[in-house]
1. Any chance you could look up the accessible area of residue 237 with a 1.4 Å probe, heavy atoms only, rounded to 10 Å²?
2. Give me the accessible area of residue 21, 1.4 Å probe, in Å² rounded to the nearest 10.
3. Two-decimal Rg/Rh of region 18-74 from alpha-carbon positions, Kirkwood Rh?
4. With every protein chain in place, what's the accessible area of residue 172 (1.4 Å probe, Å², nearest 10)?
5. If you plug each phi of region 171-178 into the Karplus form 6.51 cos²θ - 1.76 cosθ + 1.60 with θ = phi - 60°, what whole-Hz ³J(HN,Hα) values come out, in order, with x for Gly and Pro?
Amino acid sequence: DTEGLLRIKEENQKHYRRAQRHQEKKEKIQRHNRKLGDLVEKKTCDLKTQYEHLAKLRRTHILELTSVIFPIEEVKTSMRDPADVSCESDNAMSSSTVSKLAEARRTTYLSGRWVCDDHNGDTSISITGPWITLPNNGDYSAYYNWVEEKKTTQGPDMEHNNPAHTISAALCYATQLVNTLSLILDVNLPKKLCNRQVNTAGESSIKNLSRHRFTRAVKKLNANILHLCFSQHVNLDLLHPLHTLRNLMYLVSPDTENLGR
């Protein structure tokens, strides 16, 4: 029994010495992990600083781009509210009639259905200049009407300020701006769209142009703009799927806090 007790004591001492070596290894690994944790935290802070610096650079480039080359602004129209004009002509008009006129003014017949649009008739959005504008409510019926007229009318169109030319130019500039913004922000666009697909106001493009192709190109452009807005955390309450240039204006606005992220 005494010999067995001595053997057990020797084994216990061996286990104790082995436990001490394991404890030393554990403490060494913990020190190493703490060093790695401090290094990772430092690298994370450096990366965050670099992201912030990159965001500021992107923001600066975008604001320069949209202030010098592609300025986007609201253009006030001279249209007066029918309710106001009617009230001046008939002082005895009831308030219900005035409200109905105001409601009718805020309603637009678009693609076979009535759409409520509070900005209808008040403003339009311009890009690169006040003469190149898009309808605020996304109604491009003026373009379709011009295309149908050109298909039945022979000879060149000498009028360069018609709505069709301005709509085509505005969409082309918007496409150029969106493609450039995707490169600056390093955001992949969901829809592939080139300038040629929306710049269809030329005489040679009229014969092959269809309303379906034009509408599809506009939908692609709107989808790309919304995708960029989502990536930059633009307030969703400000966005509307049909407001092409207005959504773009909100995206590149200096008030967009996350622009460049």
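1. 140
2. Counting only protein heavy atoms, the figure is 130 Å².
3. Values: Rg = 24.0 Å, Rh = 15.3 Å.
Expressed as Rg/Rh, it is 1.57.
4. 20
5. In residue order, the calculated couplings are 5, 5, 5, 4, 5, 4, 5, 5 Hz.
The values are calculated or read from the model by the stated rules, or taken from the named source; none is laboratory data. Keep in mind it's a predicted model, so treat the numbers as computed, not measured. When the accessible area is computed, the model is the full protein with side chains, heavy atoms only, and any ligands, DNA or RNA have been set aside. Shrake-Rupley method; radii C 1.70, N 1.55, O 1.52, S 1.80 Å.
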